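**Student:** Could you have a look at this structure, given as C-alpha cells, before my questions?
The values are calculated or read from the model by the stated rules, or taken from the named source; none is laboratory data. Values in this document were obtained by computation on a predicted structure and should not be read as measured data. Counting neighbours? That spans all protein chains shown, and the Cβs are built from the backbone with ideal geometry, glycine included.
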Amino acid sequence: MSKPTDVRPVAATLHLLPVQMRVPLKFGKEVVTRATCARVCLRVRDRAGKEAAGWGETPLSATWVWPSALSFETREDAMKAFCVRLAEAWAKFETFGHPMEVGHAFEQHVLPGLHREFNESRGAGAEPMPWLGALVCCSLFDIALHDAFGQLVGRPVYHTYSAEFMSHDLAHYLTPAAGADVSFAGKYPHDFFVRPVPTRLPVWHLIGGVDPIEPGELKGTEPNDNYPVLLRDWIRRDGLRCLKIKLRGNDAAWDFARTVHIGRIAAELDVPWLTADFNCTVHDPAYVNEILDRLRDEDPATYGRLLYVEQPFPYELELHRIDVHSVAARKPLFMDESAHDWKHVQLGRELGWTGVALKTCKTQTGALLSACWAKAHGMTLMVQDLTNPMLAMMPHTLLAAHVGTIMGVECNSMQFYPEASAAEAKAHPGLYQRREGVLDLSSIAGNGFGYRLEEIKRELPPPVAKFAA
C-alpha cells in the first residue's frame, strides 16, 4: 500500500553549531559549560520526482545520553562522528513512505546496525556509545524528514498524521498491553492530539544542582549580562509558575534540604508547581519514598506543590527492572531517559511508572508513537527539554502543544544560552522569552514545523558532511 505523497530522503547536509553556556549546568554527576547543536538539511523526493527540503536540529548532549568517566570531549566527538555516518545513511535510504513510516523503518532496520558497527569501529577497548546516544544523533534527521514532508505537501507537520497521508494505522507499529481494553486498529496519531491546540503553554524553569539560590551563594564570577542569576529574580522577571529541581540522588539530606529551600521560595512568591528530577542516580525506591514521606510530614505545603517525580532510577530499564509502584503511589512518576520507545514505556508501566516525559531528541517518530501508546493506556505525558535552543525549540514545543501534558513544557535554553537563539527570536519573540509564566507559540506558522526560515537571518558554519543518493 502506498500514497502518491510518499517520499524518500535523497540528500543530507550536516552542520555543527557550538554553543557556550553563560552559567554551568549540572547533569547527574557532571557539570557542563558548553554544547554542540547538530543541524541538518534533508532533501526528500516523492514518487513523481518532486523535491523539498526540511530542517532538523538537536543538541548533542553527551552528558545526558552517556553517563561515563570518559571525558566530555571524547563522548561528544563520538556523537559528532556518528552524525556524519547517519548523514550518509539517511541520504541513501531508499524507503518510500510517510515520515512516520520512513522514520520507523530507519530506526528499526538501519540504526541498530549502524550503532553496532560504529561501536565496533572504535576498537575493542573503547567504551560503547549507548543506544540513547544513537537515538539523539538520529533525531535531527528524523525531525528534518517530517519538516521536509510538510514542505512538500504544503501542510503543517501536525496536519499530516492521518489516513490522508499515512498508509499504515497505529496497529502497524503498536501492540496494546496484555489485558488492556485498547486497540490501535484504524487509529492514527491525529486521533490522540488535543483540540483545540493551545498557542500558550505554561513553562518550566530548571534549577540546576550548582545554581546559586541565595545572594550569599554568589561567588562573584557570575555573568553580568542583563539576565538573572538568582531564582527569585528569574521568578519575578518571567512570572514563573513551574520549577523543576535537579537533585543528586545519592545524598538524601542535601536533596531534602534543597527541595525544602525551593519550596519556601515557591511559597513566598506564589509559585504553585514543583517537580523533582533525580537524573537516574537512585537504585532503591526507599530513597525516594523516604524523602517524599519526610516532605509530607515536615513540609506538607512543598509536598503539595510537587506535581510529579522524574526518572530517579537508572535508564537501562531492561537491566534494572525496579518495581516502582511504591513511589508512584505517593506521586506521579515519569519515565524520561528510560522511555527510549513505546516498548520501554510498556515495560515501565508494568513496573509501576505512571507517566512519560517525551523528548523530540529521541526522534519525532518515536515520540509520537510513545505518546499514542501511553495515552491509550491512561498514562500521563510531559514534554521535557534537552536545553533546546534555535530551531530545536519549535518541534519540542509543538509536541507538547499537540499531545497534551500534565502541565505545559520545560524550556531552559533561555537560562543557559539565551543569546544562542537571538536570530530565531526575531521571528518568534514569544517562544524564546518566558513571560507571565508561559511561552507563546502563535508565531509558529506555515508548512512543516513552521520555522519561518526566510525571516531568520542565521549564518551557518560550513557543513561538516554532505551526501546525496
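**Student:** What pairs come up if the first residue lies in region 394-417 and is closer than 19 Å to residue 234 by Cα, the second is part of a helix (DSSP H, G or I), and their beta carbons are under 6 Å apart, counting only those six or more places apart or on different chains?
**Tutor:** 409/397; 409/400
**Student:** Do you know which of the residues in region 327-337 that are touching a residue at least 40 places away in the same chain (Cβ under 8 Å) and surrounded by 24 or more Cβ atoms within 10 Å (Cβ to Cβ) is farthest from residue 59 (Cα to Cα)? Steps first, please.
**Tutor:** Filtering region 327-337 for residues touching a residue at least 40 places away in the same chain (Cβ under 8 Å) gives 327, 330, 332, 334, 336-337.
Now narrow it down to the ones that are surrounded by 24 or more Cβ atoms within 10 Å (Cβ to Cβ): 327, 334, 337.
Details: 327: 31, 334: 22, 337: 15 Å.
So, considering only residues that are touching a residue at least 40 places away in the same chain (Cβ under 8 Å) and surrounded by 24 or more Cβ atoms within 10 Å (Cβ to Cβ), the one farthest from residue 59 (Cα to Cα) is 327.
**Student:** Can I ask one more? Residue by residue through region 346-388, note down the ones that are within 15 Å of the chain's Cα centre (by Cα) and either acidic (Asp, Glu) or within 18 Å of residue 319 (Cβ to Cβ) (or both).
**Tutor:** Of all residues in region 346-388, those within 15 Å of the chain's Cα centre (by Cα) come to 355-371, 381-388.
Listed by number, the list holds a single entry, 385.
**Student:** Would you point out the residue of region 109-119, among those that are of a type in the set (A, V, I, L, M) and assigned to a helix (DSSP H, G or I), that is nearest to residue 367 (Cα to Cα)? First the steps, then the outcome.
**Tutor:** Our first condition is that a residue be of a type in the set (A, V, I, L, M); within region 109-119, this holds for 110-111, 114.
Restricting the remaining residues to those that are assigned to a helix (DSSP H, G or I) gives 111, 114.
On the way: 111: 16, 114: 21 Å.
The qualifying residue nearest to residue 367 (Cα to Cα) is 111.
**Student:** Still on this structure: If residue 370 satisfies every condition in (1) modelled with pLDDT under 95; (2) surrounded by 24 or more Cβ atoms within 10 Å (Cβ to Cβ); (3) of a type outside the set (Phe, Trp, Tyr) but one, which is the exception?
**Tutor:** Looking at each condition in turn, residue 370 falls short on (1).
**Student:** Specify which of the listed residues (295, 274) is part of a helix (DSSP H, G or I), touching a strand residue (DSSP E or B) at 6+ places or on another chain (Cβ under 8 Å) and over 26 Å from residue 133 (Cα atoms).
**Tutor:** Values: 274 fails: part of a helix (DSSP H, G or I).
Checking each option against the conditions leaves just 295.
**Student:** Moving on. Across region 289-315, what is the number of residues that are among the small types (Gly, Ala, Ser) and crowded, with 21+ Cβ neighbours inside 10 Å?
**Tutor:** Initially, region 289-315 is screened for residues among the small types (Gly, Ala, Ser), giving 301, 304.
Restricting the remaining residues to those that are crowded, with 21+ Cβ neighbours inside 10 Å gives none.
Going through region 289-315 one residue at a time, the tally reaches 0.
**Student:** Might you check whether a residue that is within 23 Å of residue 395 (Cα to Cα), of a type outside the set (Phe, Trp, Tyr) and not in a loop (DSSP other than H, G, I, E, B) occurs anywhere in region 165-180?
**Tutor:** Scanning region 165-180 turns up at least one residue that is within 23 Å of residue 395 (Cα to Cα), of a type outside the set (Phe, Trp, Tyr) and not in a loop (DSSP other than H, G, I, E, B).
**Student:** Tally up the residues in region 179-219 that are in contact (Cβ under 8 Å) with a residue 40 or more places away in the chain, out of contact with any Cys (no Cβ under 6 Å at 6 or more places or on another chain), farther than 20 Å from residue 375 by Cα and surrounded by 13 or more Cβ atoms within 10 Å (Cβ to Cβ), please.
**Tutor:** Summing the residues that are in contact (Cβ under 8 Å) with a residue 40 or more places away in the chain, out of contact with any Cys (no Cβ under 6 Å at 6 or more places or on another chain), farther than 20 Å from residue 375 by Cα and surrounded by 13 or more Cβ atoms within 10 Å (Cβ to Cβ) in region 179-219 gives 9.
**Student:** Additional query: Which pairs turn up if I take residues in region 349-362 that are surrounded by 24 or more Cβ atoms within 10 Å (Cβ to Cβ) and modelled with pLDDT of 95 or more and look for partners that are among the hydroxyl-bearing types (Ser, Thr, Tyr) and outside any helix (DSSP H, G or I) with beta carbon separation below 8 Å, at least 6 apart in sequence or on another chain?
**Tutor:** Partner pairs satisfying both residue conditions: 353/338; 355/308; 355/380; 356/380; 360/58; 361/58; 361/61.
**Student:** If you don't mind, there's one more thing I want to ask. Testing residue 319 on (1) hydrophobic (A, V, I, L, M, F, W, C); (2) within 14 Å of residue 347 (Cβ to Cβ); (3) assigned to a strand (DSSP E or B), one condition comes back false. Which one is that?
**Tutor:** Among (1) hydrophobic (A, V, I, L, M, F, W, C); (2) within 14 Å of residue 347 (Cβ to Cβ); (3) assigned to a strand (DSSP E or B), residue 319 violates only (3).
**Student:** Please give the number of the condition residue 239 fails out of (1) on the phi > 0 side of the Ramachandran plot; (2) buried (at least 21 other Cβ atoms within 10 Å of the Cβ); (3) touching a strand residue (DSSP E or B) at 6+ places or on another chain (Cβ under 8 Å).
**Tutor:** (2)
**Student:** OK, next. Out of all the residues in region 283-292, which are at pLDDT 95 or above and outside any helix (DSSP H, G or I)? Give the derivation first.
**Tutor:** From region 283-292, those at pLDDT 95 or above are 284-292; that's our starting set.
Listed by number, the list holds a single entry, 284.
**Student:** Okay, moving on. Exactly one condition in (1) exposed (fewer than 14 other Cβ atoms within 10 Å of the Cβ); (2) at pLDDT 95 or above; (3) more than 24 Å from residue 406 (Cα to Cα) is false for residue 232; which is it?
**Tutor:** Of the numbered conditions (1) exposed (fewer than 14 other Cβ atoms within 10 Å of the Cβ); (2) at pLDDT 95 or above; (3) more than 24 Å from residue 406 (Cα to Cα), the odd one out for residue 232 is (1).
**Student:** Here's a follow-up. Can you give me the number of residues within region 423-436 that are in contact with a helix residue (DSSP H, G or I) (Cβ under 7 Å, 6 or more places away or on another chain) and among the small types (Gly, Ala, Ser)?
**Tutor:** Number of matching residues: 1.
**Student:** Specify the residue that is surrounded by the most Cβ atoms within 10 Å (Cβ to Cβ); the eligible residues are those in region 396-436 that are of a type outside the set (A, V, I, L, M) and closer than 14 Å to residue 197 by Cβ. Can you show your working first?
**Tutor:** Within region 396-436, the first condition is being of a type outside the set (A, V, I, L, M), and the residues that meet it are 396-397, 402, 404-405, 408, 410-413, 415-419, 421, 424, 426, 428-430, 432-436.
Filter once more, keeping what is closer than 14 Å to residue 197 by Cβ: 397, 402, 404-405, 408.
Working: 397: 26, 402: 22, 404: 17, 405: 24, 408: 23.
For region 396-436, the residue satisfying everything is 397.
**Student:** Take the residues in region 363-381 that are small (Gly, Ala, Ser) and touching a residue at least 60 places away in the same chain (Cβ under 8 Å); name whichever of them is farthest from residue 404 (Cα to Cα). Explain how you work it out, then say what you get.
**Tutor:** Going through region 363-381, the residues small (Gly, Ala, Ser) turn out to be 366-367, 370-371, 374, 376, 378.
Among the residues that remain, those that are also touching a residue at least 60 places away in the same chain (Cβ under 8 Å) are: 366, 371, 376.
Details: 366: 16, 371: 9, 376: 13 Å.
My answer is 366.
**Student:** Oh, and also: Is it true that some residue in region 250-267 is touching a residue at least 40 places away in the same chain (Cβ under 8 Å), buried (at least 20 other Cβ atoms within 10 Å of the Cβ), part of a strand (DSSP E or B) and in contact with a strand residue (DSSP E or B) (Cβ under 6 Å, 6 or more places away or on another chain)?
**Tutor:** no
**Student:** Could I ask something else about it? Quick check on my filter: what residues within region 120-133 are more than 24 Å from the chain's Cα centre (by Cα) and in a loop (DSSP other than H, G, I, E, B)?
**Tutor:** Step one: filter region 120-133 for residues more than 24 Å from the chain's Cα centre (by Cα), giving 120-127.
Passing the criteria: 122, 123, 124, 125, 126, 127.
**Student:** Can you find a residue that is within 29 Å of residue 392 (Cα to Cα) and in contact with a His (Cβ under 7 Å, 6 or more places away or on another chain) anywhere in region 320-332? First the steps, then the outcome.
**Tutor:** From region 320-332, those within 29 Å of residue 392 (Cα to Cα) are 332; that's our starting set.
Filter once more, so that each one left must be in contact with a His (Cβ under 7 Å, 6 or more places away or on another chain): none.
No; the residues of region 320-332 include none that is within 29 Å of residue 392 (Cα to Cα) and in contact with a His (Cβ under 7 Å, 6 or more places away or on another chain).
**Student:** Only helices (runs of 4 or more DSSP H) wholly contained in region 359-429 count here; list those with 3 or more residues that are touching a strand residue (DSSP E or B) at 6+ places or on another chain (Cβ under 8 Å), more than 26 Å from residue 209 (Cβ to Cβ) and among the β-branched types (Val, Ile, Thr). Lay out the reasoning, then the answer.
**Tutor:** Details: elements: 364-376, 393-403, 413-416, 422-427.
Those helices (runs of 4 or more DSSP H) do not exist here; none qualify.
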